[in-house]
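Colleague: Sending over a structure as structure tokens; questions will come in a sec.
The values are calculated or read from the model by the stated rules, or taken from the named source; none is laboratory data. Every value quoted in this text rests on a predicted model; they were computed, and no experiment measured them. Cβ coordinates were reconstructed from backbone atoms using ideal geometry, including for glycine residues, and neighbour counts include every protein chain displayed.
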Amino acid sequence: MKAFEYERPVGVTEAVALARRAGSRFLGGGTNLVDLMKLGVETPDLLVDLTGLDLAEVLEQPDGALRIGATVRNSDLSANDAVRARYPVLSQALVAGASGQLRNMATVGGNMLQRTRCPYFQDVTKACNKRVPGSGCPARAGEHRNLAILGASEACIATSPSDFAVALAALDAGVTALTTEGEVSLTVSDFFRLPGDEPQRDTNLPPGALVTALTVPRLDWATRSAYRKVRDRASYAFALVSVAAAVDLDGDRVRDVRLALGGVAHAPWRATRAEEALRGGPATEEAFSAALRGELEAAEPLPHNGFKVDLAHNVAVRTLTELTGVPA
Amino acid sequence: MARMSLDLTVNGERRKVDVDTRTTVLDLLREQLGLTGSKKGCDHGQCGACTVLVAGRRVLGCLVLAVTLEGAEVTTVEGLADGDDLHPVQRAFLDADAFQCGYCTPGQLCSAVGMLREVGEGWPSVVTPPGATVSVSSLGPDEVRERMSGNLCRCGAYVNIVPAVLAARR
Ligand SMILES: Cc1cc2nc3c(=O)[nH]c(=O)nc-3n(C[C@H](O)[C@H](O)[C@H](O)COP(=O)(O)OP(=O)(O)OC[C@H]3O[C@@H](n4cnc5c(N)ncnc54)[C@H](O)[C@@H]3O)c2cc1C
Ligand code: FES
Ligand code: FES
């Protein structure tokens, strides 16, 4: 590992000022960054440790929103009473990720900014447009069983690894960040981006920006929400496909619905087309299935990941039927 | 090469050390403090062999940089027993024969201690039914398997590890 300096600022102003130094990186729990440094993918000159900042609180706002500080640990947030009661999907997405030890270390800000688990990105002996722009993407013709089926580009078929971010996308959450120029606010949908011809950029965050908080708007019917994840083993593995869903029922009809898919794209995939198809319609398995088929028409699977299309359909339909109590 | 000096408590003892900023707490324990109980399996957060407790919370020593632990209280497998009195989790592992080669065991022990504390605080897991509350006394094998999933055992001693953890709850 390359040598680096270490700073532990106590104020956010100092933290963003330090981040202006060339080769600096923010350090949250380190569960992704330290790993990537060992692999030689990240070679920072300076680590700016965020865990001394006053950003570790979960606060209920006057308008009913929940403001989650960026250094709140994944495990603390998953066990938070307000999160469990008001947004079950969020708590479930957190406990579906990684392991008990990793969740104790991981911060929510770091979780949002963790890098893809694409094997070519993690291996410095291979080409990768995300790691070295213009070097090529061997994944298309190579190992891509767990890579994207939606929204990919010629340049990159990586997937976003975070479970938490999928739930946040369904909940229309916001991201607040700070740079030396001032505060920036983005919705989670605007925060993550599709790879296009700039796969080196995971997000639309300005360079050097410090994520300070995530805000989950009030959504009373999110009490009827769930996260379901399918992986190669029962636990301690990234998603093949995951689904975050919330449903507002009006008798046997869908008054409103939120649906996001994980493991299928470079960003959490908000299934807006399926949501539109479902809104105002019957809460039946047929309707759920048709809506998902419509959403997944856009899928462009590769030879080894075609199974994800049916899997995403099935997992989403199952999640919706369970949430709405429709007999399967 | 950047070095920093660091004050921390390891198994109840104050330690002052000088570390390269690249040093993980696992390497600090093993290479500088002579505490070789914590094991290096993968060095990438994928096996749990390096699990230690920081302020009572289980973490992975291989991904924690030592410099982040200024003033922290670290407990390793060497610090679980009270003198010659084994920790109940250690006793239970012996009684249930919850290991074969023993390489994963220090991590399993520290993880189980941290995990039982999490359950005591009512933390849910992914197998906890929505809205349900968990308690140490009501913990079942499925919960133990899920909550201990961050500790791999190449020998496959899980069939005895799960009963050992359940037995250690007293
Ligand atoms: C074996 C293993 C299995 C895993 N399984 C899963 C899984 O199933 N699901 C899942 O979702 N995750 C999984 N993870 C990933 C884990 O959840 C992430 O590594 C973790 O959430 C990252 O948080 P952190 O605080 O440790 O980030 P760090 O490693 O500290 O940082 C990650 C990145 O974010 C940047 N950063 C951190 N905080 C901020 C901030 N506030 N503002 C701006 N930039 C910031 C850092 O500079 C760095 O680039 C797994 C990890 C491992 C090692
Ligand atoms: S050595 Fe730390 S998790 Fe494997
Ligand atoms: S006892 Fe050998 S690895 Fe677990």
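Colleague: Out of A:Gly11, A:Gly52, A:Gly29, A:Gly40, which single residue is in contact (Cβ under 8 Å) with a residue 24 or more places away in the chain and under 23 Å from the mean Cα position of the chain (by Cα)? Break it down stepwise before answering.
Modeller: Values: A:Gly11 fails: under 23 Å from the mean Cα position of the chain (by Cα); A:Gly52 fails: under 23 Å from the mean Cα position of the chain (by Cα); A:Gly40 fails: under 23 Å from the mean Cα position of the chain (by Cα).
Just a single option satisfies the conditions, and that option is A:Gly29.
Colleague: Let me ask you something else. Under 14 Å from the mean Cα position of the chain (by Cα), within 12 Å of ligand 3 (Cβ to nearest atom), outside any loop (DSSP other than H, G, I, E, B) and in contact (Cβ under 8 Å) with a residue 60 or more places away in the chain, is that true of B:Gly107?
Modeller: Taking the combined requirement at face value, the residue satisfies it.
Colleague: In the stretch B:22-58, what count of residues is obtained for those that are away from ligand 1 (no atom under 15 Å from the Cβ), of a type outside the set (D, E, K, R) and part of a loop (DSSP other than H, G, I, E, B)?
Modeller: Within the stretch B:22-58, residues that are away from ligand 1 (no atom under 15 Å from the Cβ), of a type outside the set (D, E, K, R) and part of a loop (DSSP other than H, G, I, E, B) number 9.
Colleague: Now for a different question. Within the stretch B:44-59, how many residues are away from ligand 3 (no atom under 16 Å from the Cβ) and either within 7 Å of chain A (Cβ to nearest Cβ) or within 14 Å of A:Thr31 (Cα to Cα) (or both)?
Modeller: Looking only at that region, the number is 5.
Colleague: Tell me which residues, restricted to the stretch B:149-160, are touching a helix residue (DSSP H, G or I) at 6+ places or on another chain (Cβ under 6 Å) and either within 19 Å of A:Gln101 (Cα to Cα) or away from ligand 3 (no atom under 13 Å from the Cβ) (or both).
Modeller: Once the filter is applied, which keeps residues that are touching a helix residue (DSSP H, G or I) at 6+ places or on another chain (Cβ under 6 Å) and either within 19 Å of A:Gln101 (Cα to Cα) or away from ligand 3 (no atom under 13 Å from the Cβ) (or both), the stretch B:149-160 yields B:Gly150, B:Asn151.
Colleague: Name the pairs whose Cβ atoms lie under 8 Å apart, with the first residue in the stretch B:122-141 and over 17 Å from A:Gly97 (Cβ atoms), the second surrounded by fewer than 21 Cβ atoms within 10 Å (Cβ to Cβ) and polar (S, T, N, Q), and 6 or more positions between them or separate chains?
Modeller: Filtered contacts from the stretch B:122-141: B:Gly122/B:Thr133; B:Gly122/B:Ser135.
Colleague: With respect to B:Ser125, determine if the residue is surrounded by fewer than 14 Cβ atoms within 10 Å (Cβ to Cβ), touching a Gly at 6+ places or on another chain (Cβ under 9 Å) and assigned to a loop (DSSP other than H, G, I, E, B). Before you say what the answer is, go through the steps one by one.
Modeller: Working: surrounded by fewer than 14 Cβ atoms within 10 Å (Cβ to Cβ): no; touching a Gly at 6+ places or on another chain (Cβ under 9 Å): yes; assigned to a loop (DSSP other than H, G, I, E, B): yes.
No; evaluated as a whole, the condition is false for this residue.
Colleague: Kindly provide the set of residues from the stretch A:141-179 that are touching a helix residue (DSSP H, G or I) at 6+ places or on another chain (Cβ under 7 Å), in a loop (DSSP other than H, G, I, E, B) and among the hydroxyl-bearing types (Ser, Thr, Tyr), ordered by number.
Modeller: If the condition is that a residue be touching a helix residue (DSSP H, G or I) at 6+ places or on another chain (Cβ under 7 Å), in a loop (DSSP other than H, G, I, E, B) and among the hydroxyl-bearing types (Ser, Thr, Tyr), then A:Ser162 is the only one that fits.
Colleague: Would you check if there is a residue in the stretch B:29-37 being among the basic types (Lys, Arg), within 15 Å of A:Gly100 (Cβ to Cβ), crowded, with 16+ Cβ neighbours inside 10 Å and more than 16 Å from ligand 3 (Cβ to nearest atom)?
Modeller: No.
Colleague: A further question follows. Restricting to the stretch B:50-68, what's the tally of residues that are free of Cβ contacts under 8 Å to residues at least 40 places away in the same chain and more than 10 Å from ligand 2 (Cβ to nearest atom)?
Modeller: 3
Colleague: Here's a follow-up. Considering only residues that are in a loop (DSSP other than H, G, I, E, B) and within 14 Å of chain B (Cβ to nearest Cβ), which ones fall in the stretch A:229-288?
Modeller: Selection gives A:Arg231, A:Asp232, A:Arg233, A:Ala234, A:Ser235, A:Tyr236, A:Ala237, A:Phe238, A:Ala239.
Colleague: Continuing with this model, one more query. Could you tell me whether A:Ala213 is within 16 Å of ligand 2 (Cβ to nearest atom), among the aliphatic types (A, V, I, L, M) and modelled with pLDDT of 95 or more?
Modeller: It is false that A:Ala213 is within 16 Å of ligand 2 (Cβ to nearest atom), among the aliphatic types (A, V, I, L, M) and modelled with pLDDT of 95 or more.
Colleague: Scanning for something within 16 Å of ligand 2 (Cβ to nearest atom), among the hydroxyl-bearing types (Ser, Thr, Tyr) and not assigned by TED's automatic domain parsing to the domain that holds B:Gly37, does the stretch B:97-110 turn up at least one residue?
Modeller: yes
Colleague: Then there is this: What is the residue count in the stretch A:191-219 for residues that are of a type in the set (D, E, K, R) and without any contact (Cβ under 8 Å) to a residue 60 or more places away in the chain?
Modeller: Initial filter on the stretch A:191-219 (of a type in the set (D, E, K, R)): A:193, A:197-198, A:201-202, A:218.
With without any contact (Cβ under 8 Å) to a residue 60 or more places away in the chain added as a condition, the list becomes A:197, A:201.
Matching residues across the stretch A:191-219 total 2.
Colleague: For the stretch B:7-16, indicate whether the set of residues that are touching a Ser or Thr at 6+ places or on another chain (Cβ under 9 Å) and at the interface with another protein chain (Cβ under 10 Å from one of its Cβ atoms) is non-empty.
Modeller: no
Colleague: Identify all residues within the stretch B:66-104 that are within 16 Å of ligand 3 (Cβ to nearest atom) and within 21 Å of B:Gly12 (Cα to Cα); write none if there are none.
Modeller: Listed by number, the residues that qualify are B:Val77, B:Val89, B:Gln90.
Colleague: Since B:Gly102 meets every condition but one in (1) assigned to a loop (DSSP other than H, G, I, E, B); (2) within 13 Å of another protein chain (Cβ to nearest Cβ), which condition does it not meet?
Modeller: It fails just one condition, (2).
Colleague: Name the residue, out of B:Val25, B:Val77, that is touching a residue at least 24 places away in the same chain (Cβ under 8 Å), under 26 Å from B:Leu166 (Cα atoms), crowded, with 23+ Cβ neighbours inside 10 Å and of a type in the set (A, V, I, L, M, F, W, C).
Modeller: Exactly one of B:Val25, B:Val77 is touching a residue at least 24 places away in the same chain (Cβ under 8 Å), under 26 Å from B:Leu166 (Cα atoms), crowded, with 23+ Cβ neighbours inside 10 Å and of a type in the set (A, V, I, L, M, F, W, C), namely B:Val77.
Colleague: In the stretch B:129-141, what count of residues is obtained for those that are within 20 Å of B:Arg58 (Cα to Cα) and either hydroxyl-bearing (Ser, Thr, Tyr) or touching a Ser or Thr at 6+ places or on another chain (Cβ under 9 Å) (or both)?
Modeller: Of the residues in that region, 2 qualify.
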